[in-house]
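The values are calculated or read from the model by the stated rules, or taken from the named source; none is laboratory data. Everything numeric in this text was worked out from a predicted model, so none of it was measured. Neighbour counts are summed over all protein chains in view; Cβ atoms, including those assigned to glycine, are modelled from backbone coordinates with ideal geometry.
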Amino acid sequence: MDRNEIFKHVNEVFIDVLDDGNIVLSEETTANDVDDWDSLNHIQLVVAIEKLFKIRFSSKEIQSWKNVGEMISCIQGKAA
Amino acid sequence: MIFDRFSFLIFFIIFFGLYWNVFNKTIKMQNLLILGGSYVFYAFADWRFLFYLIGVSAFNFWLGMAMERSKKHSRLLLWLGLLQGIGGLAFVKYFNFFISSFVDLFAVVHITLNLQLINIMIPLGISFFTFRTLSYLLDIDKGKIKATTDWVNFFTYVAFFPTLISGPIDKSRTFMPQLEKARVFDYNLAVDGMRQILWGLFKKVVVANNCAKIVNDTFMDYQHLPGSTLLYGAFFYAIEIYADFSGYSDMAIGISKLLGFRVSKNFDYPFFAQNIAEYWRKWHMSLTSWLTEYVFTPLSISFRDWGKAGLCLAIIINFAIVGIWHGANMTYVLFGLLHGCYFIPLILNGTMNKKKKLIKGNVIPSLIELFNIIRTFILVMLTFVVFRADTVSQAFDYYRHLFSSSLFSMPVSLNRFALFASLLMLGIEWLGRDGEYALADFQIKWTKAMRWAIYYMIIFAIFYYAGSEQQFIYFQF
Amino acid sequence: MKRFIKFLLIFTLPVVISGITIEVLLRHIPNDYRSKCNYLEKNSNNVTTLILGSSHDYYGINPQFFHSKSFNAAEVSQSVDYDYFILKKYDNNWKSLKTIVLSVDYPSLFSLMKDGSEAWRVKNYNIYYGLNTDNNIADYTEVFSNNLSINISRLYQYYLQRENLACSELGWATWYSSKHNRDLVSTGKTSAARHTIKPIRVLRDNVGYIKSIIDFAKARNIKVILFTAPAYKTYTENLNPAQLNVTVNALTKISRSYDNVSYFNLLNDPVFTKGDFYDADHLNEIGAKKLSTKIDSLITNPSQRQSAIPETRVKM
C-alpha cells in the first residue's frame, strides 16, 4: 500500500471514531491540532487502525508517535 | 507557610524583591534563589521532612543520569525509582491502612491478628512531589525527555515552592525547559498573576471558609437533621472543596506567574461539565493528566483486545487509584470506584470521547446544557458525601437519612451568606468560563475604573471574612 | 518592573491607608488592658494583694471588698503564662505586695491562650500592656488580629453607638449583673463542653508557669493563694472527671511542696447558690461579693484556712 492510500484510510478512521466530518490530517498533525483527539480516545483510534490494516502495534510504538506522519510510517512498515 | 497567611506575604515580598532585582543576573542565580527559597518555605511548614525531600531529589537525579548512561540497565533503574517513589508514598500513607484492613479481613473469619500500627508522620506534599519525580523517570524511560545534568534545575523542579505542597503537578517536560531559560519580567503576566491570586484568595477565604461552618455542623450532627439539610450539606461541601482547592490552585498559578513561570492548569470550571468524562477533564487536571498518561493509557493499550470491557476495566483501575491517592481510607477508594462506574454508561454507548463543549459566550445556558450540568453536578455531589465521611458506613448512614421522607421537610436555617457567596462565585465563573480563570478576561470586558472597584470589593470581602481559617483541604493529601 | 512597582504602590495605597486609619481608631478605644497597665504603672508599688487569673477572677473578685489595697489584674481567657508575664513586668516595683491570688480552674492547665480560639487576644498584651510575647508581627496589630467584620462592629459600637464596657478602677468586671442572669442549665452544658480538652498537651508548660509565679513570690516573701473558682452544679456535673482530677491533684501537690502556697478547691462550695451566678461558671456581682469576702478572710485570717476548705469530693 502506498503512503497516500494509508493516509486516506487513516483520515477516514479519524472522522469515524471522533465523529467529526471536518478532520483533514497532514504529516505534521498532532493531538493538539485535532479538537477531540486526546489520550482518552487515542486508544480507540489505535484499535480501529489495527483492525482496518490487520496489524498489531507494540505499546512502545503506540506511545512513540509524535505526529500523524510518524504513525503513518509505522503503519507502512507493518502493512504488506 | 500557607498562601493565605500573613507570614507568607512577608516571605514572598522579600523573595520577589530579591528574585527580580538582586538574583536576576544569571539563570543559575535565579534558580538557586528559588531552590533556597523553596527549602526555607518547606522548612517553615515542616522542617523535619526537608531531609526526605532533598534525599528524594538527589536519588532521582542520580537515577535519571544513570538511566541515560546505561540503556541496558535503564529498566532496572526505572523500577528502582518506582519502588522508592511509590514504595515511600505507600509506606508513609498507607501502612496503617493496609495493616488494619488486613486485620479486619482476617477478623471476618474470626482470626485475630496482633499486628502493630506504627505512628508514621506524613511528609507534607509527598503525594505531589513524588508524582513529579515519577513523571521525570517515566519520561526518560519513554524517551520523551533527556535526563538533566544540572542538579539545581532538577532539585528546583521537585521543590518549586508555589506548587510544592498541593500542586498543580507539573510534568518535567513542561516545567524543566522553563528553568533552562532566563525569566524576564513581564508586566502583563505579573498583573495577570496578581489578579488570579486575588480570585483564588476570594474563593478560599470568602466562599470556602463560610461553607465550611455549615458543612462541619451538618456532618457532625447529620443523624438529627432532616434530609433537606443533608442535601444542603452535600451541596455546600461540593462548593467548599471546589472553592478551597481551585482557590489554592489559582494562588499557586498566580504566584508562579509573578515569578515568570507558567504551571499546569488545574481546574477548568468542572461544575459546568455536561458529563462525567468532561468533569474529569476539568477537575484536578494535573492529577488526571498524570494518571491518564502513566496509568490509563498503558492499561487501555494492554486491554485493547477486550473492547469496551477492557476500557471499563482500565477506567475503574484508574479511578480506584484516583481515590486511594487521596488517602488511606476505604471512603476514598469507594469515591474513586463510584466515579469509575459513572464512566461505564459513557463507554458503553461510545460517548466517552465526544467532547461536550458549552456554546461559547452565552450568558444563559441552553435547556439541554442546563439539564446536563445539573445532572452531572448531582452525581458528583453525592460522591463527595463518601469523600467527606469518616467511614463507609457513616457515608451510607448519611445517604439513608438524606433519602428519607425528611428530604421534603424544611431545612434547618442555613447561612444565607454562604449561599450568596457560592452562587456569586458560580455566577462569576460562569460568565468568565471562556477564560483561563474566572477573571482572566477582565481587562477586555471592563473599564479600569470598574475593574479596580471590583478588586477593592473583593479585597474588602477577603479581609471581612478572614480568620475563620480552615486549613486547605488538600494539604492532608 | 518599575511600572509594576508603581502599579502596586498606587493600587495598595488606599488599602494601606484604610488599614492604618482603622488601626489608629481601634487603638483609641479605651480598653481594660490599657487601663490596667496604666494603673499598675502608677500603683504597683502600693498594691498589697494582686489578683491574677482568667474570667472566673475577672468577674468573680471585686477588690472593693478586700481589707488590703488590692488590684484585679485578671482578664478573660488569660492563661497562666500571661499571669506570669504581667507579674514579672513590674518586677522590682512590687514593694508592698504580700499576697497573690490566682484561680486555676478546670480548663486552665490544659490550654494556653495563644494556641486556641482566643489567640486573637495576644495583641492586647503586646500593644496595650507593652509585653513582647512573641515574634509574629500580626500579633502587634489590631487589624491583623481580628477580621474586618469584627473590627468594623467594634468601631461602630464605640464611635457611633458610644457604648463601651469598662472594668472598675480596681480591675473588677462589672457587667455580669444579677439583673441579666443567663440560663444556668444550657450555659452549664456549653461551657463544660468548651472547657473539656481532649489531649493533655500543655499540662507541663502550665505547671511550669505556676511554679515560676510561686518562685517569684517566694523570693520576695509573698504568699500565693491558689483556688479553683466556684461553679454551679449544671456546670460541674458535665465535667470530665479525669481532667478535673488531674487539675485538683496537681494543685494540691504544688501547695504541699511550697510553704508559701495554699490551695482551696471552691468548685462545689455550698456557700454559693443559684442567685450568685450570672451563668453556670461565672459569678454575678452578688456572688463576687461573697467570693471576694471569702478570699479576703483567707488572707487576713490564715488560721481559718483549714476550716474554710470544703470537702473536695470529686464525682466519679
Practice prompt. Identify, from the list B:LEU164, B:LEU201, the residue that is among the aliphatic types (A, V, I, L, M), within 14 Å of chain C (Cβ to nearest Cβ), within 20 Å of the chain's Cα centre (by Cα) and crowded, with 20+ Cβ neighbours inside 10 Å.
Written response: B:LEU201
Worksheet item: In this structure, is C:GLN304 under 23 Å from C:THR48 (Cβ atoms) and at pLDDT below 90?
Response: yes
Fill in: Answer residue from the stretch B:121-146, given it is among the small types (Gly, Ala, Ser) and either in a loop (DSSP other than H, G, I, E, B) or without any contact (Cβ under 8 Å) to a residue 24 or more places away in the chain (or both) and is nearest to B:LEU164 (Cα to Cα) among those
B:GLY125
Discussion item. Go through the stretch A:56-76 and report how many residues are of a type in the set (Gly, Ala, Ser), more than 12 Å from B:SER302 (Cα to Cα) and not in a loop (DSSP other than H, G, I, E, B).
Written reply: 2
Worksheet item: Taking the stated definitions as given, is B:PHE245 in contact with a His (Cβ under 8 Å, 6 or more places away or on another chain), closer than 22 Å to B:LYS356 by Cα and either within 10 Å of another protein chain (Cβ to nearest Cβ) or assigned to a helix (DSSP H, G or I) (or both)?
Response: no
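Quick grid of which residues meet (1) in contact with a Phe, Trp or Tyr (Cβ under 8 Å, 6 or more places away or on another chain); (2) in contact (Cβ under 8 Å) with a residue 12 or more places away in the chain; (3) within 14 Å of chain A (Cβ to nearest Cβ):
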{"site": "B:ILE276", "(1), (2), (3)": "yes, yes, yes"}
{"site": "B:TRP280", "(1), (2), (3)": "no, yes, yes"}
{"site": "B:TRP283", "(1), (2), (3)": "yes, yes, no"}
{"site": "B:TYR294", "(1), (2), (3)": "no, yes, yes"}
{"site": "B:HIS326", "(1), (2), (3)": "yes, yes, no"}
{"site": "B:ASN329", "(1), (2), (3)": "yes, yes, no"}
{"site": "B:CYS341", "(1), (2), (3)": "no, yes, no"}
Worksheet item: Which residue pairs have Cβ atoms under 9 Å apart, sit 6 or more places apart or on different chains, and have a first residue in the stretch B:23-47 that is assigned by TED's automatic domain parsing to the domain that holds B:PHE161 and a second that is among the charged types (D, E, K, R) and surrounded by 15 or more Cβ atoms within 10 Å (Cβ to Cβ)?
Response: B:ASN24/B:ARG183; B:ILE27/B:ARG183; B:LYS28/B:ASP150; B:GLN30/B:ARG183; B:ASN31/B:ASP150
Worksheet entry | Number of the condition not met by A:GLU50 [criteria: (1) within 11 Å of chain B (Cβ to nearest Cβ); (2) part of a loop (DSSP other than H, G, I, E, B); (3) buried (at least 17 other Cβ atoms within 10 Å of the Cβ); (4) out of contact with any Asp or Glu (no Cβ under 9 Å at 6 or more places or on another chain)] | (2)
Worksheet item: Which one of the conditions (1) under 17 Å from the mean Cα position of the chain (by Cα); (2) within 14 Å of another protein chain (Cβ to nearest Cβ); (3) among the aliphatic types (A, V, I, L, M) does B:VAL158 fail to meet, given that it meets all the rest?
Response: (2)
Fill in: Yes/no for B:VAL380 being part of a helix (DSSP H, G or I), away from chain C (no Cβ under 14 Å) and either in contact with a Cys (Cβ under 9 Å, 6 or more places away or on another chain) or farther than 26 Å from B:GLY361 by Cα (or both)
no
Worksheet item: Restricting to the stretch B:423-455, what's the tally of residues that are outside any helix (DSSP H, G or I), touching a residue at least 12 places away in the same chain (Cβ under 8 Å) and under 19 Å from B:LEU189 (Cβ atoms)?
Response: 5
Discussion item. Take residues that are touching a residue at least 60 places away in the same chain (Cβ under 8 Å) and more than 24 Å from C:ILE214 (Cβ to Cβ) and tell me which of the helices (runs of 4 or more DSSP H) falling wholly in the stretch C:79-158 contain 2 or more.
Written reply: C:122-127, C:148-155
Item to complete: Please work out which residue is farthest from the other protein chains (Cβ to nearest Cβ), limiting yourself to the stretch B:311-320 and to residues that are at pLDDT 90 or above and under 24 Å from A:SER58 (Cβ atoms).
Response: B:ILE317
Worksheet item: If only one of B:LYS265, B:LYS257 is more than 24 Å from B:LYS360 (Cα to Cα) and either of a type in the set (Gly, Ala, Ser) or away from chain A (no Cβ under 13 Å) (or both), which one is it?
Response: B:LYS257
Item to complete: Determine, yes or no, whether B:SER366 is outside the structural domain of B:ILE126 (by TED's automatic domain parsing), surrounded by fewer than 16 Cβ atoms within 10 Å (Cβ to Cβ) and farther than 26 Å from B:PHE272 by Cβ.
Response: no
Discussion item. Criterion first (touching a Phe, Trp or Tyr at 6+ places or on another chain (Cβ under 6 Å) and either within 14 Å of chain C (Cβ to nearest Cβ) or charged (D, E, K, R) (or both)) does B:PHE185 satisfy it?
Written reply: yes
Response to the item:
Checked against (1) under 12 Å from the mean Cα position of the chain (by Cα); (2) more than 19 Å from A:GLN63 (Cα to Cα); (3) in contact (Cβ under 8 Å) with a residue 12 or more places away in the chain; (4) within 14 Å of another protein chain (Cβ to nearest Cβ), A:PHE14 satisfies every condition except (2)
Worksheet item: Across the stretch A:62-75, which residue is farthest from A:THR30 (Cα to Cα) among those that are at pLDDT 85 or above and surrounded by fewer than 16 Cβ atoms within 10 Å (Cβ to Cβ)?
Response: A:SER73
Discussion item. Going residue by residue through the stretch C:51-73, is there one that turns out to be within 14 Å of chain B (Cβ to nearest Cβ) and over 15 Å from the mean Cα position of the chain (by Cα)?
Written reply: no
Discussion item. Suppose we filter B:THR331, B:THR288, B:THR383 for residues that are in the same structural domain as B:GLY435 (by TED's automatic domain parsing), crowded, with 19+ Cβ neighbours inside 10 Å and at pLDDT 90 or above; which single one remains?
Written reply: B:THR383
Practice prompt. Using the structure shown, decide if C:ILE86 is under 13 Å from the mean Cα position of the chain (by Cα) and not charged (D, E, K, R).
Written response: yes
Worksheet entry | Condition broken by B:ILE239, with the remaining ones in (1) crowded, with 20+ Cβ neighbours inside 10 Å; (2) touching a Phe, Trp or Tyr at 6+ places or on another chain (Cβ under 9 Å); (3) within 14 Å of another protein chain (Cβ to nearest Cβ) satisfied | (3)
Discussion item. Step by step: first the residues of the stretch A:1-60, then only those that are of a type in the set (Phe, Trp, Tyr) and over 18 Å from A:LYS78 (Cβ atoms), then the one that is modelled with the highest pLDDT. Which residue is that?
Written reply: A:PHE14
Worksheet item: So B:SER249 clears everything in (1) touching a residue at least 24 places away in the same chain (Cβ under 8 Å); (2) in contact with a helix residue (DSSP H, G or I) (Cβ under 6 Å, 6 or more places away or on another chain); (3) of a type outside the set (D, E, K, R) except one condition, right? Which one?
Response: (2)
Discussion item. Checking B:SER393 against (1) under 24 Å from the mean Cα position of the chain (by Cα); (2) assigned to a helix (DSSP H, G or I); (3) more than 14 Å from chain A (Cβ to nearest Cβ), only one condition comes out false. Which one?
Written reply: (1)
Worksheet entry | Pairs where the first residue, in the stretch B:69-83, is assigned to a loop (DSSP other than H, G, I, E, B) and the second is surrounded by 12 or more Cβ atoms within 10 Å (Cβ to Cβ), C-beta under 8 Å, 6+ apart | B:SER70/B:LEU77; B:HIS73/B:ALA66; B:HIS73/B:MET67
